[in-house]
1. Keeping to the range 62-77, report how many residues are surrounded by 19 or more Cβ atoms within 10 Å (Cβ to Cβ) and not in a loop (DSSP other than H, G, I, E, B).
2. Looking only at residues in the range 91-115 that are of a type in the set (Lys, Arg) and not in a helix (DSSP H, G or I), which one is farthest from the chain's Cα centre (by Cα)?
3. Quickly run through the range 1-39 and pick out the residues that are within 12 Å of the chain's Cα centre (by Cα), under 24 Å from THR94 (Cα atoms) and part of a loop (DSSP other than H, G, I, E, B).
4. Give me the pairs: first residue in the range 5-31 and without any contact (Cβ under 8 Å) to a residue 40 or more places away in the chain, second residue crowded, with 17+ Cβ neighbours inside 10 Å and in a strand (DSSP E or B), beta-carbon distance under 7 Å, and six or more apart or on different chains, which are they?
5. Just to be sure before I move on: is ILE88 within 19 Å of LEU20 (Cα to Cα) and either touching a residue at least 12 places away in the same chain (Cβ under 8 Å) or in a strand (DSSP E or B) (or both) in the structure I sent?
6. Looking at the range 92-109, I want the residues that are surrounded by fewer than 17 Cβ atoms within 10 Å (Cβ to Cβ) and have a partner that is of a type in the set (Lys, Arg) with Cβ atoms under 7 Å, at least 6 apart or on another chain. Which pairs are those?
Amino acid sequence: MLLTLMKSKLHRVKVTQAELNYVGSITIDEDLMDAAGLLENEQVHIVNNNNGERLITYVIKGERGTGIICLNGAAARRAQPGDVIIIIAYCTLTADEAKTHKPLVVFPDENNRLVTGGQAARG
């Protein structure tokens, strides 16, 4: 049996841009991608805390150190700059692997920057 579990998440990042006229996706600061173990083109789920919208898209690398979180294409209709979102990635594990799996949760600051110490937690 295979189970789908949360692999990692960027908790409460702020949308910095929304670009409607773009081929869909979400652009994420590469520092944040690294911290959450996200890969370019990886599927992610996005939850908008401001309006309750949920969507699925894929990751595009954003410029490192900029704090960019940009919803592109149709996803731009689901959030606006300033909205707080959660970006979640999932993985597929066997039942045995799932028993010991610890997801990685990253807590950036209000400017989508990593803070020294305590910005990520497993479990």
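1. As a first pass, look at the range 62-77 and keep what is surrounded by 19 or more Cβ atoms within 10 Å (Cβ to Cβ): 62, 67-72, 75-76.
Okay, now just the ones that are also not in a loop (DSSP other than H, G, I, E, B), so 62, 69-72, 75-76.
Summing the residues that are surrounded by 19 or more Cβ atoms within 10 Å (Cβ to Cβ) and not in a loop (DSSP other than H, G, I, E, B) in the range 62-77 gives 7.
2. Of the range 91-115, the ones of a type in the set (Lys, Arg) are 99, 102, 113.
From the residues that got through so far, the ones that are not in a helix (DSSP H, G or I) too are 102, 113.
Numbers: LYS102: 17, ARG113: 13 Å.
Per the criteria, the residue is LYS102.
3. If the condition is that a residue be within 12 Å of the chain's Cα centre (by Cα), under 24 Å from THR94 (Cα atoms) and part of a loop (DSSP other than H, G, I, E, B), then GLY37, LEU38, LEU39 are the ones that fit.
4. Hits for this filter: GLU30/GLY62.
5. no
6. Between residues of the range 92-109 that are surrounded by fewer than 17 Cβ atoms within 10 Å (Cβ to Cβ) and residues that are of a type in the set (Lys, Arg), the close pairs are LYS102/ARG122.
A short reminder: the numbers here are calculations on the coordinates, not readings from a lab. All values reported here derive from a predicted model rather than from experimental measurement. For neighbour counting, all protein chains shown are included, and Cβ atoms are generated from backbone atoms with ideal geometry for every residue, glycine included.
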